[in-house]
Amino acid sequence: MTLGPFDTTGLKTLVLRQDPIGAVLRPDDPLARRDRLTTGDLAGRDWFQFQEGTDEI
């Protein structure tokens, strides 16, 4: 199993499940007004990920 998006050239893929993720944006960010975002919407921005085992709350 892997997480997309990735280059699927020459591969057959099957989505097993989709997990929601969140984005933290400043209130004055134009994207903050949207109900949904794509990874493309966030292209060129810095990303971070909490370490595995971090309390989700």
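Think of each Lys and Arg Cβ as +1 and each Asp and Glu Cβ as -1; about the Cα centre, that makes the dipole of the chain roughly 280 debye. Working from label points 7 Å from Cα in the Cα-to-Cβ sense, the W47 to R26 distance is 2.2 nm. Using a probe radius of 1.4 angstrom, the carbon and sulfur fraction of the accessible surface of the chain is 51%.
Rounded to the nearest whole Å², what accessible area per residue is found for the chain with the 1.4 Å probe?
On the way: 6340 Å² over 57 residues.
With the other protein chains kept in place, the chain gives 111 Å² per residue.
Other residues with beta-carbon under 11 Å from the beta-carbon of D29 carry, at +1 per Lys or Arg and -1 per Asp or Glu, a net charge of +2. For Cα extents along the principal axes in Å, several values are listed as (i) 41, 28, 20; (ii) 31, 18, 16; (iii) 38, 26, 19; flag the one computed from this structure. The value computed from this structure is option (i).
The values are calculated or read from the model by the stated rules, or taken from the named source; none is laboratory data. The structure displayed is predicted, hence computed values, not measured ones. Neighbour counts run over all protein chains shown; Cβ positions are idealised from the backbone, glycine included. All accessible areas refer to the heavy atoms of the entire protein, side chains included, with ligands and DNA or RNA removed. Shrake-Rupley method; radii C 1.70, N 1.55, O 1.52, S 1.80 Å.
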